[in-house]
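The values are calculated or read from the model by the stated rules, or taken from the named source; none is laboratory data. Since this is a predicted model, take the numbers as computed values, not measurements. A quick note on method: Cβ atoms are made from the backbone with ideal geometry, for glycine too, and the neighbour counts reach across all protein chains shown. The accessibility values were calculated without ligands, DNA or RNA, using every heavy atom of the protein model including side chains. Shrake-Rupley method; radii C 1.70, N 1.55, O 1.52, S 1.80 Å.
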Amino acid sequence: MKKLALFAGIPLLLIAGFALALPSILQAAGLHPDYEGAQLDLGGKRALIITTSHGTLDKPGEADADPTGVFGSEMTEPYYEFLAAGMEVDIASVEGGAVPVDPQSFYYMVRTDSDERFLEDEEFQSKVANSIPIAEVDVSQYDVIFLAGGWGPAYDFPDSKALASKVSEAYYADHTPILAGVCHGPLGFVRALDREGNLLIAGRRMTGVTDKQINELGISFTPYHPETELRNAGVVFESATAFRDMFANYVTIDDEERFVTGQNQNSGAEVANKAMLLVSASGS
């Protein structure tokens, strides 16, 4: 009987071991790869991270919806990259106030070191709880403007006239700030106009979460999809692929070196670092 009891416990040990190893397994497959970017000193410079204000994963015709919002690492990774370079970092959102953060993005198997740090960082949490309404942002004060992703922006980024206006305003600002975004974040660029009234991003090389990844995750019911909307806006869309695109990673910089975009949740730190490299190179 003792032997039977011993063998009966083996499956439980295997399951527990697999659960403990799961974060490492997912990272080895490509999720949230370690990124060692250039060490920069941008003291005196400022960065703005813009997030969604939409906090529910609404399905057409259904009253109940799961909570969503900004994907944690797409906000925390760039925040700490900017902070490490000595930048002052502010948080804004479409409507201002408390930013909805997707609870699934903090599940232990996908939580990053930056997420862990955020969960202990009262100052950062206060900024997220009291974000600046995008309409009240003075974009002339920032050197990098970073649009974080998650499922929330699929509902409110393209429809925000204030966000589109601020993107255009930042693009034409005298100090030429870098505009950046990851995953669903680039949806905030698709309605911005140039001075002639044309779509600002038409003809530029950009990336964002792919239609393939959205379909693989089974969340194609959101109103806007980055690959589709970027292509519709005239973007030369670029991306990488994998056996599942959530494990792919791709970052691109447009030829003018004003827009830095990342494909998905794996790109946050790299996009932030490359945006800062452009700021450093410009000397502005």
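Computed over the Cα atoms of the stretch 115-195, the ratio of the radius of gyration to the Kirkwood radius (Rg/Rh) comes to 0.99.
Rounded, prolate or oblate: which fits the stretch 190-271 when a ≥ b ≥ c are the square roots of the eigenvalues of the alpha-carbon gyration tensor, with rounded for a/c under 1.5 and prolate only if a/b beats b/c? Taking the square roots of the gyration eigenvalues as a ≥ b ≥ c, the stretch 190-271 is oblate.
In square angstrom, what is the accessible area per residue of the stretch 194-284 with a 1.4 angstrom probe? Please list the in-between numbers first.
Details: 3720 Å² over 91 residues.
That works out to 41 Å² for each residue.
Distance from the C-alpha centroid of the stretch 235-265 to that of the stretch 47-116: 19 Å, rounded to the whole angstrom. Scattering from the stretch 145-252 was approximated by placing one identical point on each alpha carbon and applying the Debye formula without solvent; log10 I(q)/I(0) at 0.11, 0.12, 0.13 1/Å stands at -0.32, -0.38, -0.44. Using C-alpha pairs below 8 Å separated by at least 6 residues, the relative contact order for the stretch 216-260 is 23 percent. When the solvent-accessible area of the chain is split by element, carbon and sulfur atoms take up 53 percent of it, the probe being 1.4 Å. Of all DSSP-defined beta bridges confined to the chain, some 25% are antiparallel rather than parallel.
Counted residue by residue at 0.36 nm each, then reduced by the alpha carbon distance between them, the extension gain from GLN39 to ALA242 reaches 70.1 nm.
Every helix of 4 or more DSSP H residues in the chain counts as -39500 (n - 2.57), and over all residues that averages to -10500 deg cm²/dmol at 222 nm.
Over all directions, average the projected area of the Cα convex hull of the stretch 56-168 and note it in nm².
Details: hull surface 31.1 nm².
It is 7.8 nm².
How large is the charge dipole for the stretch 208-284, taken about the Cα centre, if only the Cβ atoms of Lys, Arg (+1) and Asp, Glu (-1) carry charge, to the nearest 20 debye? Could the numbers behind the result be given before it?
On the way: 5 positive and 11 negative charges, 36 e Å.
That gives a dipole near 180 debye.
Bridges between two residues of the stretch 176-284, per DSSP, are antiparallel at a rate of about 40%. For the stretch 133-209, the relative contact order works out to 34 percent when only alpha carbon pairs closer than 8 Å and six or more residues apart are counted.
How much accessible surface does GLU123 have with a 1.4 Å probe, in Å² rounded to 10? For GLU123, the solvent-accessible surface is approximately 120 Å².
Can you count the Lys pairs in the chain whose Cα atoms are under 23 Å apart, with each pair 8 or more apart or on different chains? Mind showing how you got there, number by number?
Working: LYS45/LYS127; LYS45/LYS166; LYS45/LYS274; LYS59/LYS212; LYS127/LYS166; LYS166/LYS274.
The result is 6.
What number results when the radius of gyration of the chain, computed over Cα atoms, is divided by 2.2 N^0.38 Å?
On the way: Rg = 19.6 Å, N = 284, 2.2 N^0.38 = 18.8 Å.
This ratio for the chain stands at 1.04.
For Cα pairs less than 8 Å apart in space and 6+ apart in sequence, what is the mean separation divided by the residue count of the stretch 49-116, i.e. the relative contact order in percent? Taking the mean separation of contacting Cα pairs over the length of the stretch 49-116, I get 43 percent.
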